[in-house]
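Participant: The structure is given below, and queries will be raised subsequently.
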Amino acid sequence: MAMNARSITLGIDLGTTSVKAALLEAAPGEPSRFVVLASCARAARAEAVTQSAAAGPQGQEQDVSRTIQALHECLAALPRQQLREVRAIGVSGQMHGVVFWKTGQGCEWTEGEATPVFEPRVVSHLVTWQDGRCSSEFLASLPQPESHLSVATGFGCSTIFWLLKNSPEFLKSYDVAGTIQDYVVATLCGLPRPLMSDQNAASWGYFNTQSQSWNLETLKASGFPVHLLPDIAEPGSVAGRTSHAWFEIPKGTEVGVALGDLQASVYSCMAQRTDAVLNISTSVQLAASMPSGFQPVQTPDPLAPVAYFPYFDRTYLGVAASLNGGNVLATFVHMLIQWMADLGLEVEESTVYSHMIQAAAQQEDTCLTITPTVLGERHLPDQLASVTRISSSGLSLGHVTRALCRGIVQNLHSMLSFQQLKEWGVERVIGSGSALSRNEVLKQEVQRAFPFPWSFGQDVDAAVGAALVMLRRNLNQKEA
């Protein structure tokens, strides 16, 4: 490699609704800063009918081939010359979910129009974090984890337990499993077995973050197919090298162990340890860095609204992860559109959004109270939404939208309060996410509930975070 050749890092994030890719380079003369050279996002459009009929309407699955197609569309849109200069790839993606595949048959590399691409072959659907097939009764029947994190529906190990009981034949077709991001890393590097960071392992349940190991004895005693569990690797380490040239990216390019999208998102923008990061997109995450040396109590508390997720260098993030965010607003919009259709009227989704946010911006306060938990919460899975303090004067679109936005924020505050963040040493909050960036009313409500200095507009981007982890790793190695 010539001395003046650029060293570009590619970051990929495989989200629930979209796939993103970003190209990063260290800022000239300021290696601690970085420049995003190009980025691209594509809708995943991967929702699929569940492969196990027993899952019923509660099942939430995605077609992996559609996600990979969206990934390839992203890469095809990036500048080819810059792709040629990629020296490392960082990957992150939606946590908790599980996809199964067969060793050596998980994909097929084919010559695309201009570049080799891989196509999923003997690969299941991705059972996502939104999957609701595991009832409270079913979860209560599972063994107690030896971990500080409890298990919930949509978590990889819960899903495998459910399949073991309800679709044992389904599991016999596959011999490895991982998150969607683990699948992509294993495929790019031609790994016989996937590697998984503790970030993703913890999100599956039955993983002890202190010993960095699965609860093998507990799982074996319950007949769990432990051969499906991936091997564990340090987040920020290298999983392998690309086994093929891929969209101009040279064969032999380093690929990092896949990260959780939450950790990668936080990493992309948490400038100081005293920053908290609030991300409101499909769901909501409020994360703050725990003091160094912090160790969570090693018994799970399913009723605790705050979870402690592994971050980097054996530190933890304290996280309130609400299932009810932008998806609640989307549910409300779809309800309005359906009502209009029932009345014989057609209206565009974007029109409804802009009008309702405009109406709520003019309605600065309301007595109407909406508890917006249409999806329940992991710590309160059976809770539904409710509307109270309804008066005839508080039924305008402005009142209802203001109450809905306030409800989303109040629900989050009930999980992780302003006071608790102050005790952890938080001094500033960085606000991000598609639902927050487009909604002035949500911004007003978060500032009201959490009266810290705020920084908006910084796109918390897991693809950028995944690239940044690899970029800094390589810079540190050069310095060393």
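Participant: Roughly how many percent of the accessible protein surface of the chain is carbon and sulfur, given a 1.4 Å probe and a whole-percent answer?
Facilitator: Answer for the chain: carbon and sulfur cover 52 percent of the accessible area.
Participant: Here's a follow-up. Return the whole-Å distance between the Cα centroid of the range 141-156 and the Cα centroid of the range 105-135.
Facilitator: After rounding, the separation between the Cα centres reads 26 Å.
Participant: Here's something else I'd like to know. Tell me the Kirkwood radius of the chain: reciprocal of the mean inverse pair distance over distinct alpha-carbon atoms, in Å.
Facilitator: 23.2 Å
Participant: Would you kindly calculate the translational diffusion coefficient of the range 276-457, applying Stokes-Einstein with the Kirkwood radius from alpha carbon pairs, for 25 °C and a viscosity of 0.890 mPa s, and quote it in µm² s⁻¹ without decimals?
Facilitator: Value of D from the Cα-based Kirkwood radius: 141 µm²/s.
Participant: Take the alpha carbon atoms of the range 308-375, find their center, do the same for the range 55-100, and report the distance between the two centers in whole angstrom.
Facilitator: 26 Å
Participant: I'd like to compare 9-22, 373-386: which one has the highest average count of other Cβ atoms within 10 Å, and what's the full order after that?
Facilitator: Sorting 9-22, 373-386 by mean packing, highest first, produces 9-22, 373-386.
Participant: Send over the per residue convex hull volume for the range 1-140, Cα only, as a whole number of Å³.
Facilitator: 155 Å³
Participant: Nearest 10 degrees, 0 to 90: what angle lies between the long axis of helix 397-415 and the longest principal axis of the chain (Cα atoms)?
Facilitator: 60 degrees
Participant: Another one. Sorted by average packing, counted as other Cβ atoms within 10 angstrom per residue and highest first, what order do 222-231, 176-185, 323-332, 285-294 take?
Facilitator: 176-185, 323-332, 285-294, 222-231
Participant: Run through the DSSP bridge list for the chain and note the antiparallel percent, rounded to the nearest 5.
Facilitator: Here the share of antiparallel DSSP bridges comes out near 70 percent.
Participant: Quick one: order LEU395, LEU259 from most to least accessible surface, probe 1.4 Å.
Facilitator: LEU395, LEU259
Participant: Shifting gears a bit: Starting at the first residue of the range 362-377, write each ³J(HN,Hα) from the Karplus equation 6.51 cos²θ - 1.76 cosθ + 1.60 with θ = phi - 60°, in whole Hz, x for Gly and Pro.
Facilitator: These are the phi-based 3J(HN,Hα) values: 7, 9, 6, 9, 7, 8, 4, 10, 10, 8, x, 7, 5, 9, x, 9 Hz.
Participant: In Å², what does the accessible area per residue of the chain work out to with a 1.4 Å probe?
Facilitator: Dividing the accessible area of the chain by its residue count gives 42 Å².
Participant: Sticking with this structure for a sec: Using label points projected 7 Å from each Cα along Cα→Cβ, tell me how many nm separate VAL35 and ALA330, to one decimal.
Facilitator: About 3.5 nm, to one decimal.
Participant: On to the next question. Which angle from 0 to 90°, rounded to the nearest 10, does the C-alpha axis of helix 462-479 make with the longest principal axis of the chain?
Facilitator: The two axes meet at around 40 degrees.
Participant: With a ≥ b ≥ c the root eigenvalues of the C-alpha gyration tensor of the range 155-291, is it rounded (a/c under 1.5), prolate (a/b larger than b/c) or oblate?
Facilitator: It is oblate, given that a/c is not under 1.5 and a/b is not larger than b/c.
Participant: Moving on. Find the all-direction average of the projected area of the Cα convex hull for the range 8-264, expressing the result in square nanometres with one decimal place.
Facilitator: 13.4 nm²
Participant: Which angle between 0 and 90 degrees, to the nearest 10, do you get for helix 440-449 versus the longest principal axis of the chain when only C-alpha atoms count?
Facilitator: 80 degrees
Participant: What list of ³J(HN,Hα) couplings, whole Hz, do you get for the range 190-197 from phi and the Karplus terms 6.51, -1.76, 1.60, once you set θ to phi - 60° and write x for glycine and proline?
Facilitator: My calculation for the range 190-197 gives x, 6, x, 10, x, 9, 9, 6 Hz in order.
Participant: Using +1 at the C-beta of Lys and Arg and -1 at the C-beta of Asp and Glu, which of PRO143, ASN208, VAL184 has the Cα lying farthest in the positive direction of the dipole of the range 8-264?
Facilitator: Going by the charge dipole, the pick is VAL184.
The values are calculated or read from the model by the stated rules, or taken from the named source; none is laboratory data. Note that this is a predicted model, so its numbers are computed, not measured. So basically every Cβ, Gly included, is an ideal-geometry build from the backbone, and we count neighbours across all protein chains shown. Each accessible area value is taken on the protein alone, full model and side chains, heavy atoms only, with ligands, DNA and RNA left out. Shrake-Rupley method; radii C 1.70, N 1.55, O 1.52, S 1.80 Å.
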